[in-house]
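Below is one structure, written out as structure tokens; the observations come after it.
The values are calculated or read from the model by the stated rules, or taken from the named source; none is laboratory data. Predicted model only: the values in this text are computed from it and were never measured. Cβ placement follows ideal geometry from the backbone for every residue including glycine, while neighbour counts extend to all protein chains displayed.
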Amino acid sequence: MKLLDYTVIFEPLEEGGYMVVVPALPGVVTYGDSLDDARTMAVDAIKCHLEGLFKDGEKIPQDISFKKQPVKEKLSIPVNIL
């Protein structure tokens, strides 16, 4: 068995729990009621995604290397649709 490492981002949600995204695997998004639950769900989602790629004969992506930490900021967007 080979171990692969992937960076995951845990975003706390207003209603509780965490949304999890995997930058190296677009479309892999999951949720957990607690941080531990979110980690478990992330492992399961990544494993299922990779098994699907392997089954379809597709390349298994490597983790994305962040040279710098992502920047988080709030932008005000003027819109005329409201």
Checklist entry - Somewhere in region 29-41, is a residue at pLDDT 90 or above, touching a helix residue (DSSP H, G or I) at 6+ places or on another chain (Cβ under 6 Å) and surrounded by 14 or more Cβ atoms within 10 Å (Cβ to Cβ)? => result yes
Checklist entry - Which residue out of 17, 57, 52 is surrounded by 10 or more Cβ atoms within 10 Å (Cβ to Cβ) and on the phi > 0 side of the Ramachandran plot? => result 17
